[in-house]
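First comes the structure, then the notes that go with it.
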Amino acid sequence: MGIFNIKEITGKNKKKLVNFRASLGEAVRLGKEIPFADKDINYSLQLQNERLREKGIDLESKIYIRDGDTDKFFSGRTWKDAHYESTMCYNGCGIKRVVKKNGKWRYTDNKKSVLYETVTDVVSGTHPDNDPVNCPNCGMVSTAAALQDGCSYCGTKFRMDDLFPKVSSYYFLDDAGMTKKEFLHGYLISYFITLILLYVLACFLRSDIYLPQNLIQNKSYLITTLIAMPLGSIPLGYILYGYFLFIRMIAKAIMSAGKMGTAGSRRSFESRMKKISPEFSYEYFTSKAISLIKTAIYSKNPQDLLFYTGKDLDPGMKDIIDLNYGGALGCKSFRDEGNMVRVVTKAYFDVLYADGDRIYSKSQVFSATFIRRTDLPVNLNFSMTRIQCPTCGSSFDATKNKNCPYCENPYEITTDDWALVELKYN
Ligand SMILES: [Zn+2]
Ligand SMILES: [Zn+2]
């Protein structure tokens, strides 16, 4: 359900969230699999790692705990279906990226960020023993029950705790918030500006009596200048700073409202989807869309991807080596077409490009169009790496075969999930 309550994450969920954060850098840089992350995440990370290696690039991203912050994760929205419950969790962190090409330094940035991770767990009391699950060791599709007896491909045995909870999606967002240190810093600047303004104003109003040469002769004015003005600037500087922060906040709100596209189309999209699946939320769709866009961009040949049915991507996208969600997935338009919905989104990303030896970061807007069937409920735990064949019921990894390896029937992504039908620069 769409319950919005903020609380600190503890226990096994926290352990996996913290481990995921610690493993992400190595996963991108060395292609190391993260065992408790969903296969779809690993698949996208693996494609990114291949892109880096192909270009001879070493991307070191270090995620660290910021000054005055803790490693605490807090929970945001949650959603669940019959078997699984997902919670969006977030943590304030810093992220430093260093890019080298063929051993030579090319680029560094260091950003204040918020890491969002979705953690998915089995709803307590339910036993999804026969639901398809990927083996955390070899990646083959199995079931929760079978993996507890030992994977039939690699033999590894798992406890339910190894399989769930798992991290099912993630993204970073630039942090617009302020730390105490930055707040103090801003206030100090505002204080000195106020002091100078006050002094200039006093000189102006009292016809130069406050000018330094006059103050030497007039001791009582000297005392006012040295004591009253600095003291008076403490609250006045605070008020000035408050106005500045308020204006900045309004400007940011206007900017992000512009990014969200038409509120009307987003609302009608959301309410249409809720009719198919009451658990549908725009947050869920956003993390899904981000993941599909990233996978398509990192892929060597997007047309080989199960979920991508569009044209060749713009060749410029082949130079993308890192993609961070830019905080908005706007809904441009939404249409009902027979038994399909078609939604056109405007997706904002901070993109790191490697064009030859030139590495640069750029804010980029993509236009991404998704379709989905409307006669079937949304499967919130869907993964293209563990698909249940609609013809024979066998489970397989559809990133490796588009046809069911057991009955040979072609598998159509729109049976279960979203298809990306167009991806271009906006
Ligand atoms: Zn296995
Ligand atoms: Zn089959």
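Tell me which of these Val123 doesn't satisfy, since it passes every other one: (1) within 12 Å of ligand 1 (Cβ to nearest atom); (2) over 16 Å from Leu17 (Cβ atoms).
Tallying (1) within 12 Å of ligand 1 (Cβ to nearest atom); (2) over 16 Å from Leu17 (Cβ atoms), Val123 fails exactly one: (1).
Of the residues Asp71, Asp109, Asp81, which is more than 22 Å from Glu26 (Cβ to Cβ), out of contact with any Pro (no Cβ under 6 Å at 6 or more places or on another chain) and either surrounded by fewer than 18 Cβ atoms within 10 Å (Cβ to Cβ) or modelled with pLDDT of 90 or more (or both)?
Exactly one residue qualifies, and that residue is Asp81.
For Lys346, state whether it is charged (D, E, K, R) and over 20 Å from the mean Cα position of the chain (by Cα).
The answer is no for Lys346.
Give the range 130-171 a look and list any residue that's in a loop (DSSP other than H, G, I, E, B), farther than 22 Å from Lys400 by Cα and within 12 Å of ligand 1 (Cβ to nearest atom), or say none.
Hits for the range 130-171 are Gly150, Lys157, Phe158.
State which residue is nearest to ligand 1 (Cβ to nearest atom) when the search covers only the range 403-412 and only residues that are in a loop (DSSP other than H, G, I, E, B) and within 26 Å of Gln46 (Cα to Cα).
The residue in question is Pro405.
Across the range 377-414, what is the total count of residues that are near ligand 2 (Cβ under 9 Å from one of its atoms) and of a type in the set (D, E, K, R)?
Final tally of qualifying residues: 1.
Considering each of Glu412, Glu422 in turn, give the residue that is at pLDDT below 90 and surrounded by fewer than 18 Cβ atoms within 10 Å (Cβ to Cβ).
Within the list Glu412, Glu422, the selection yields Glu412.
Here is a list of conditions, (1) under 27 Å from the mean Cα position of the chain (by Cα); (2) more than 16 Å from ligand 1 (Cβ to nearest atom), and Lys400 meets all of them except one; can you say which number that is?
Evaluating Lys400 over (1) under 27 Å from the mean Cα position of the chain (by Cα); (2) more than 16 Å from ligand 1 (Cβ to nearest atom) leaves (2) as the failure.
Go through the range 94-120 and count every residue that is among the small types (Gly, Ala, Ser) and over 10 Å from Phe172 (Cβ atoms).
Selection size over the range 94-120: 2.
Condition (residue is within 26 Å of Ile320 (Cβ to Cβ) and β-branched (Val, Ile, Thr)) applied to the range 76-90: is it met by at least one residue?
Checked the range 76-90: no residue is within 26 Å of Ile320 (Cβ to Cβ) and β-branched (Val, Ile, Thr).
Can you tell me which residues in the range 392-409 are surrounded by 15 or more Cβ atoms within 10 Å (Cβ to Cβ), in contact (Cβ under 8 Å) with a residue 60 or more places away in the chain and not acidic (Asp, Glu)?
Answer for the range 392-409, where residues must be surrounded by 15 or more Cβ atoms within 10 Å (Cβ to Cβ), in contact (Cβ under 8 Å) with a residue 60 or more places away in the chain and not acidic (Asp, Glu): Ser395, Phe396, Ala398, Thr399.
Please enumerate the residues belonging to the range 331-376 that are within 23 Å of Asp58 (Cβ to Cβ), of a type in the set (A, V, I, L, M) and in contact (Cβ under 8 Å) with a residue 60 or more places away in the chain.
Scanning the range 331-376 gives Leu352, Ala354, Ile359.
If a residue has to be free of Cβ contacts under 8 Å to residues at least 24 places away in the same chain and of a type in the set (S, T, N, Q) to count, how many in the range 77-113 make the cut?
2
Any chance the range 161-170 includes a residue that's over 30 Å from Leu323 (Cβ atoms) and touching a helix residue (DSSP H, G or I) at 6+ places or on another chain (Cβ under 9 Å)?
yes
Within the range 330-379, can you find the residues that are polar (S, T, N, Q) and either closer than 30 Å to Thr108 by Cα or touching a strand residue (DSSP E or B) at 6+ places or on another chain (Cβ under 8 Å) (or both)?
Ser333, Asn339, Thr345, Ser361, Ser363, Gln364, Ser367, Thr369, Thr374
Suppose we keep only residues that are hydroxyl-bearing (Ser, Thr, Tyr) and at pLDDT below 80 within the range 198-224. Which one would you say is farthest from the chain's Cα centre (by Cα)?
So, considering only residues that are hydroxyl-bearing (Ser, Thr, Tyr) and at pLDDT below 80, the one farthest from the chain's Cα centre (by Cα) is Ser220.
Would you call Tyr116 in contact (Cβ under 8 Å) with a residue 24 or more places away in the chain, hydroxyl-bearing (Ser, Thr, Tyr), crowded, with 20+ Cβ neighbours inside 10 Å and within 14 Å of Ile63 (Cα to Cα)?
The answer is yes for Tyr116.
Can you tell me which of (1) outside any helix (DSSP H, G or I); (2) in contact with a strand residue (DSSP E or B) (Cβ under 7 Å, 6 or more places away or on another chain); (3) farther than 19 Å from Ser268 by Cα is the one Asp312 doesn't meet?
(2)
Take the residues in the range 43-53 that are of a type outside the set (A, V, I, L, M) and without any contact (Cβ under 8 Å) to a residue 60 or more places away in the chain; name whichever of them is farthest from Ile320 (Cα to Cα).
Within the range 43-53, the match that is farthest from Ile320 (Cα to Cα) is Gln46.
The values are calculated or read from the model by the stated rules, or taken from the named source; none is laboratory data. Quick caveat, the model's predicted, so the values are computed rather than measured. Neighbour counts run over all protein chains shown; Cβ positions are idealised from the backbone, glycine included.
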